[in-house]
Amino acid sequence: MEQERGNSVITAQAPLAEMQRYATSLRAMTQGRGFFSMEFSHYEALPSHLTATVVEAVKKAKAAAEQA
């Protein structure tokens, strides 16, 4: 966290899935004054405890697409 022209600047890395509602949360926390920017950093392996959930979701999506 740094101070820049009277503003707090936070530099961090976060998974994209965690950023989906961040804009709304940030506005709520800062009374509409906060803003953010994102840029791609890197790919990383999915943690093993989430793998089964993602695989199951993909299978369901494929099955639904085949029925359509």
Taking the Cα centre of the chain as origin, sum charge times position over the Cβ atoms of Lys and Arg (+1) and Asp and Glu (-1), and report the length of that vector in debye to the nearest 20.
280 debye
Carbon/sulfur accessible area of the chain, % of total, 1.4 Å probe, equals 55 percent
Roughly how many Å² is the accessible area per residue of the chain, as a whole number, for a 1.4 Å probe?
100 Å²
If you bin every alpha carbon distance in the chain into 10 Å steps from zero, what whole percent lands in each bin?
15, 32, 27, 19, 7, 1
Which is farthest toward the positive dipole end of the chain among M1, S48, F36, measuring Cα position about the Cα centre, with Cβ charges +1 (Lys, Arg) and -1 (Asp, Glu)?
F36
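The values are calculated or read from the model by the stated rules, or taken from the named source; none is laboratory data. No experiment lies behind these values; they were computed from the predicted model shown. Glycine also receives a Cβ, built like all others from the backbone with ideal geometry; neighbour counts cover every protein chain displayed. Note: accessible area is taken over every heavy atom of the protein model, side chains too, but ligands, DNA and RNA are not part of it. Shrake-Rupley method; radii C 1.70, N 1.55, O 1.52, S 1.80 Å.
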